[in-house]
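This report concerns only the one structure given below.
The values are calculated or read from the model by the stated rules, or taken from the named source; none is laboratory data. Just so it is clear, the model here is predicted, and its values are computed rather than measured. We place every Cβ from the backbone using ideal geometry, glycine too, and count neighbours over all the protein chains shown. Just so you know, the surface numbers come from the protein's heavy atoms only, side chains and all, with ligands and any DNA or RNA stripped out. Shrake-Rupley method; radii C 1.70, N 1.55, O 1.52, S 1.80 Å.
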Amino acid sequence: MERNLKNVLVISFGFLLLFTAYGGLQSLQSSLNSEEGLGVASLSVLYAALILSSMFLPPILIKKLGCKWTIAISMCCYIAFSLGNFYASWYTLIPTSVILGLGGAPLWSAKCTYLTIAGTSYAEKAGKNAKDIINQYFGVFFLVFQSSGIWGNLISSLILSQSSTKVEISEEDLECCGAYNCLTDTTNTTGSAKPSNSLIYTLLGVYTASGVLAVLLVIIFLDQIKSDQAETEKEKLEAPSFWSTFLATFRHLKDKRQCLLIPLTMYSGFEQGFLSGDYTKVYVTCALGIQYVGYVMICFAAVNSLCSLLFGKISQFTGRKLLFALATVTNTACIIALLLWKPHPKQLAVFFVFPALWGLSDAVWQTQTNGLYGILFEKHKEAAFANYRLWESLGFVIAFGYSTKLQAYIKLYILLSVLALSMVTYGAVEYLEAKSSPGTPTATKKENGRPHSQETHM
């Protein structure tokens, strides 16, 4: 096997193993650690740490350690979070969430840098276009990586469904499920009955082992970048000072279009936060039990992956406006339906319809928003995508931060309001673009899928 392709596969399967564990754990936090809102509080802290990490750590670590060891050490930060869940408390989960958040940005940045260098290196040897090879490598990476959401959630559901205590949920308890949920520390008395410690430890043991395997895979099989390639990359990293990069992120806000895109970017964090933090808890766990969370999130992950691939391909024919309209209508319909629907175990299929439609919408928000950033700010991509990570992460922080303080219907109204504002400001961006270049409708430009450094899977 060609050496560079071998390294691409090592990174891809390393990320698959790592995010199989993290993705499954993230989906379960609001249900597994519901006491005093510990689970969602840890996720809020995690994304706050990620914001700080994105601004300062990646260039420092990559320059000092190189890509291989930055990836390996950052992966250890994710394992720390799995270990923190063994004895979940404010003293274990919050510190390990900070550690994971700090490791998240260097991990993704080092991965992007490594794959870019590997692609460029192979293109030079083979006499091919570097951009084409790099795109192929990232295509291979996301093909393998995207399935992590399926495997992580499948493991959690298979293990947690082994619980011997199957309790029937009474009609009275079901009244507390849904948009007008009863605000208590536990979601409810029966549906959210916590699995036995032995099952939880088994699940966490599998997740931790998966993370350890990811680290070993990288340490043993991933080649260190050759010194001449590494030096070239270091020079790129050293070119702007850390402060100039930091300030460039905020100077970019002088661009009116960037300011107008803030609501849309934050909405991406809000809607993902609602699905993984609230839908899983007050609808699925409350009415069906925690063992169904994984199956429901598999549905979301599968549809999201397929639609991301589809929309990335068809956006060049349909234009982004039509896709944004599709996502807006779909998401709005879901929000209104969730406000009206009273979840009941007899309506099992409905629990899967919502995440499927949510996955379709999220695929548009991810692929098209990132494509929009790439097209609008082609000359200032670093500052633009730094803003993207900043505002999306802030959306996650707020969504998880108020998760235990507000009832679900209020969160749904907030989602609806932010979505409406997002479409107004997005419309203004398209108007400004059409006005500035009337002869070149930007909607017809080819738009790519998710950015290489996307943090939605963080």
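Residue 135 - would you say it is under 28 Å from the mean Cα position of the chain (by Cα) and at pLDDT below 75? I'd like the intermediate steps shown before the answer.
Numbers: under 28 Å from the mean Cα position of the chain (by Cα): yes; at pLDDT below 75: yes.
Yes: the conditions hold for residue 135.
Residue by residue, here is whether (1) modelled with pLDDT under 90; (2) over 20 Å from residue 308 (Cβ atoms) holds:
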site	(1), (2)
353	no, no
368	yes, no
373	yes, no
389	yes, no
413	no, yes
**Report entry** Meets criteria (in the same structural domain as residue 421 (by the TED database) and at pLDDT 90 or above) for residue 361
**Finding:** yes
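Would it be correct to say that residue 46 is touching a residue at least 40 places away in the same chain (Cβ under 8 Å), part of a helix (DSSP H, G or I) and open to solvent by less than 20 Å² (accessible area, probe 1.4 Å)?
yes
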Requested in this report: May I ask you to list pairs of residues, at least six apart or on different chains, whose Cβ atoms are under 8 Å apart, with the first in the range 397-416 being assigned by the TED database to the domain that holds residue 342 and the second being open to solvent by less than 40 Å² (accessible area, probe 1.4 Å) and charged (D, E, K, R)?
Outcome: 399/411; 402/411; 403/278; 403/411; 408/278; 411/278; 415/271
Query raised in the report: Of all residues in the range 70-106, which are within 16 Å of residue 213 (Cα to Cα) and without any contact (Cβ under 8 Å) to a residue 40 or more places away in the chain?
Result: 73, 74, 77, 80
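Looking only at the range 31-40, filter to residues that are in contact with a helix residue (DSSP H, G or I) (Cβ under 9 Å, 6 or more places away or on another chain) and over 18 Å from residue 86 (Cβ atoms); which one of those is surrounded by the fewest Cβ atoms within 10 Å (Cβ to Cβ)?
Taking the range 31-40 and keeping what is in contact with a helix residue (DSSP H, G or I) (Cβ under 9 Å, 6 or more places away or on another chain), we get 31-34, 37-40.
Subset that is over 18 Å from residue 86 (Cβ atoms): 37, 40.
Numbers: 37: 20, 40: 24.
Of everything passing the filter in the range 31-40, 37 is surrounded by the fewest Cβ atoms within 10 Å (Cβ to Cβ).
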Query - Flag if residue 57 is open to solvent by 40 Å² or more (accessible area, probe 1.4 Å), within 20 Å of residue 198 (Cα to Cα), out of contact with any strand residue (DSSP E or B) (no Cβ under 7 Å at 6 or more places or on another chain) and in a helix (DSSP H, G or I) - result: no
Query raised in the report: Hey, does the range 222-232 have a residue that's modelled with pLDDT of 90 or more, aliphatic (A, V, I, L, M) and closer than 30 Å to residue 82 by Cβ?
Result: yes
Report summary line: Going through the range 1-46 in order, the residues found to be more than 30 Å from residue 220 (Cβ to Cβ) and acidic (Asp, Glu) are 35, 36
Query - Evaluation of residue 61 against (1) within 28 Å of residue 295 (Cβ to Cβ); (2) over 20 Å from the mean Cα position of the chain (by Cα); (3) not basic (Lys, Arg) (one fails), failing number - result: (1)
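It is to be established whether one or more residues within the range 281-299 are part of a helix (DSSP H, G or I), open to solvent by 50 Å² or more (accessible area, probe 1.4 Å) and either β-branched (Val, Ile, Thr) or out of contact with any Ser or Thr (no Cβ under 9 Å at 6 or more places or on another chain) (or both).
Of all residues in the range 281-299, those part of a helix (DSSP H, G or I) come to 281-287, 290-299.
The next check asks that each one be open to solvent by 50 Å² or more (accessible area, probe 1.4 Å); those that pass are 292, 295.
From what's left, either β-branched (Val, Ile, Thr) or out of contact with any Ser or Thr (no Cβ under 9 Å at 6 or more places or on another chain) (or both): none.
No, the conditions are met nowhere in the range 281-299.
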Query raised in the report: Taking residue 426 and the conditions (1) closer than 25 Å to residue 305 by Cβ; (2) at pLDDT below 90; (3) of a type in the set (Phe, Trp, Tyr), which numbered condition does it fall short on, given that it satisfies the others?
Result: (2)
Report task. Inspect all residues belonging to the range 336-347 and state whether any of them is without any contact (Cβ under 8 Å) to a residue 40 or more places away in the chain, under 16 Å from residue 419 (Cβ atoms) and within 23 Å of the chain's Cα centre (by Cα). Result -> no
